[in-house]
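Visitor: Submitted below is the structure of interest, expressed as structure tokens.
What follows is calculated from the coordinates using simple rules that are stated; it is not laboratory data. No experiment lies behind these values; they were computed from the predicted model shown. FYI the Cβ positions are ideal-geometry reconstructions off the backbone, even for glycines, and counts take in every protein chain you see.
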């Protein structure tokens, strides 16, 4: 890889991620920015990865520059956090692919007083070259703030 794939949590999650990336990307791995700059820009922090279950959880800080006029986190930035979780999960469970559809449903505002929120993503199905995912955005207390579903297409 062209950059050390860093994990912020301890445990074997980083080794599982490395193995999955190498398996799915092969000798093309050096052609990709891993992790992508936008992942670092958003302050993303890995929480958990379960390769067998096809799940990935990533924590995101709520930064002042992400606020909308009401003081909550702007919905597009919440969607970017979801995309920054589904994207990494997608290359951990399949060969390189791109997002074809991302649908967000918001339940509650992401309040800056929370300091952070976590996106829990899950790979649900593969149908030929299409990959299907679901995700939930949760507060530190576990309240669902938003949910998403996505379809990716293997290149």
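Visitor: Evaluate the stretch 63-74: report whether one residue or more is in contact (Cβ under 8 Å) with a residue 24 or more places away in the chain and under 26 Å from residue 155 (Cα atoms).
Guide: no
Visitor: Do you know which residues across the stretch 89-115 are in contact with a helix residue (DSSP H, G or I) (Cβ under 7 Å, 6 or more places away or on another chain) and closer than 18 Å to residue 38 by Cα?
Guide: Those that are in contact with a helix residue (DSSP H, G or I) (Cβ under 7 Å, 6 or more places away or on another chain) and closer than 18 Å to residue 38 by Cα: 91, 92, 96, 97, 99, 102.
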